[in-house]
1. Sort 30, 40, 67 by accessible area with a 1.4 Å probe, largest first.
2. Quick one: accessible area per residue over the chain, 1.4 Å probe, rounded to a whole number of Å²?
3. Can you pull the accessible area of residue 60 for me, 1.4 Å probe, Å² to the nearest 10?
4. Can you tell me how much longer the chain between residue 54 and residue 111 gets when fully stretched, taken as 0.36 nm per residue apart minus their C-alpha distance, in nm with one decimal?
5. Would you calculate the separation in nanometres between label points at residue 71 and residue 86, each defined as 7 Å from the Cα along the Cα-to-beta-carbon direction?
6. Describe numerically, in nm with one decimal, the distance between label points set 7 Å from Cα along Cα→Cβ at residue 99 and at residue 12.
7. Sorted by accessible area (1.4 Å probe), largest first, how do 66, 100 line up?
8. For residue 81, which lysines qualify as cross-link partners when the Cα separation must be under 20 Å and same-chain residues fewer than eight apart are set aside?
Amino acid sequence: MENENNAIEVVENFFKAINKGDFEEAKTFMSNNHHYSGPMFSTENPEDYFEKLRAFEMEFEVETQDMLVAKTGVTHRSLLKVISPVKATIPCCEVFDVSDNKITHQYFYFDTALFPKP
């Protein structure tokens, strides 16, 4: 029952850290075997996830639109706001699995045609 109540807090705190640009803090909300699957890359641990994310060399923030919780799963509907070096706003949806107050799986969905070209 504890995970049901804390799953949304884990995801909220993950995005607070992401929006501060504090990837080390964001890692604290991820399990060591965190799996990420998205349209542009997939990873199997937090270090690889942040390495791939940094490779985009873009400043961005995530604006939460809605979050739905079902047991230990969180669906996060958001706007990915690319701030620099170009500007873009991309509607997104992410699905998180949370276990023992850590994100274990993260599935990211968006239309890659909307992603800015450098």
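The values are calculated or read from the model by the stated rules, or taken from the named source; none is laboratory data. The structure displayed is predicted, hence computed values, not measured ones. Positions of Cβ are generated from backbone atoms using ideal geometry, with glycine treated the same way; all protein chains shown enter the neighbour counts. Only protein heavy atoms, including side chains, enter the accessible area calculation; ligands, DNA and RNA are left aside. Shrake-Rupley method; radii C 1.70, N 1.55, O 1.52, S 1.80 Å.
1. On the way: 30 5, 40 85, 67 35 Å².
The residues order as 40, 67, 30, largest area first.
2. Details: 6720 Å² over 118 residues.
Each residue of the chain exposes 57 Å² on average to a 1.4 Å probe.
3. Its heavy atoms expose roughly 50 Å² to the probe.
4. Details: separation 57, 0.36 × 57 = 20.52 nm, distance 2.01 nm.
Value of the extension gain: 18.5 nm.
5. My value for the distance between the label points is 4.1 nm.
6. 2.5 nm
7. Values: 66 65, 100 120 Å².
So, going from the largest accessible area down, we get 100, 66.
8. 16, 20, 52, 117
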